[in-house]
C-alpha cells in the first residue's frame, strides 16, 4: 500500500470550506481512479488553516498515475481557497490497522 500526503495551507478561515470541497468534488474524482483505497482529511488543532489530505493507494504506480493524470485538475478546483501551493509527499505504508496492513505485508 502507498500513500500521498498533501499538506495544504488554506486562506484564513477557509479550512472548513476546503474540507467540504474535498468531500464534495475531489473524493468523487479519487473514487474513479484505479487503485484508490481511501482518503483521510485532517485539520490541525494548532493551526486552523493547515489541512492534511492522505490518500491511500494499492500501489505506487496507481498513486503516480493519479498524480500525472488528475492532480492538476484537483488543485485547480481548490486553488481559490489556497494560501500557498500544496506540498505533496509520498510514502510506503508500513502499518495500518484501519486498512489491515501489517509490517510484514507492507514491504
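Please verify whether segment 63-73 includes one or more residues that are exposed (fewer than 15 other Cβ atoms within 10 Å of the Cβ) and outside any helix (DSSP H, G or I).
For segment 63-73, residues exposed (fewer than 15 other Cβ atoms within 10 Å of the Cβ) and outside any helix (DSSP H, G or I): absent.
Which of the residues that make up segment 65-98 are in contact with a helix residue (DSSP H, G or I) (Cβ under 7 Å, 6 or more places away or on another chain) and over 22 Å from residue 31 (Cα atoms)?
Of everything in segment 65-98, those that are in contact with a helix residue (DSSP H, G or I) (Cβ under 7 Å, 6 or more places away or on another chain) and over 22 Å from residue 31 (Cα atoms) turn out to be 81, 94, 95.
Being under 19 Å from residue 67 (Cα atoms) and surrounded by 19 or more Cβ atoms within 10 Å (Cβ to Cβ) is the filter here, so list the residues in segment 14-29 that pass it.
Selection gives 22, 26.
Which pairs have Cβ atoms under 7 Å, sit 6 or more apart or on different chains, and link a residue in segment 75-103 that is at positive phi and surrounded by 13 or more Cβ atoms within 10 Å (Cβ to Cβ) to one that is modelled with pLDDT of 95 or more and assigned to a loop (DSSP other than H, G, I, E, B)?
Listed by first residue and then by second, the contacts come to nothing, as the list is empty.
Out of all the residues in segment 16-24, is one or more closer than 17 Å to residue 89 by Cβ, at pLDDT 95 or above and touching a helix residue (DSSP H, G or I) at 6+ places or on another chain (Cβ under 6 Å)? Give the steps one after another, and end with the answer.
Of all residues in segment 16-24, those closer than 17 Å to residue 89 by Cβ come to none.
No, that holds for no residue.
If the Cβ limit is 6 Å and pairs must be 6+ apart or interchain, which residue in segment 1-13 that is within 17 Å of residue 66 (Cα to Cα) pairs with which residue that is at pLDDT below 95 and surrounded by 15 or more Cβ atoms within 10 Å (Cβ to Cβ)?
Close Cβ pairs (under 6 Å, with a partner that is at pLDDT below 95 and surrounded by 15 or more Cβ atoms within 10 Å (Cβ to Cβ)) amount to 1/93; 1/101; 3/93.
State the number of residues belonging to segment 38-62 that are in a strand (DSSP E or B) and over 11 Å from the mean Cα position of the chain (by Cα).
Keep residues of segment 38-62 that are in a strand (DSSP E or B), which gives 38-43, 50-57.
Retained after the next criterion (residues that are over 11 Å from the mean Cα position of the chain (by Cα)): 43, 50.
Looking only at that region, the number is 2.
The values are calculated or read from the model by the stated rules, or taken from the named source; none is laboratory data. Treat the numbers as computed from the prediction; the structure is a model and nothing was measured. Note that each Cβ is placed from the backbone with ideal geometry, even for glycine, and that neighbours are counted across all protein chains shown.
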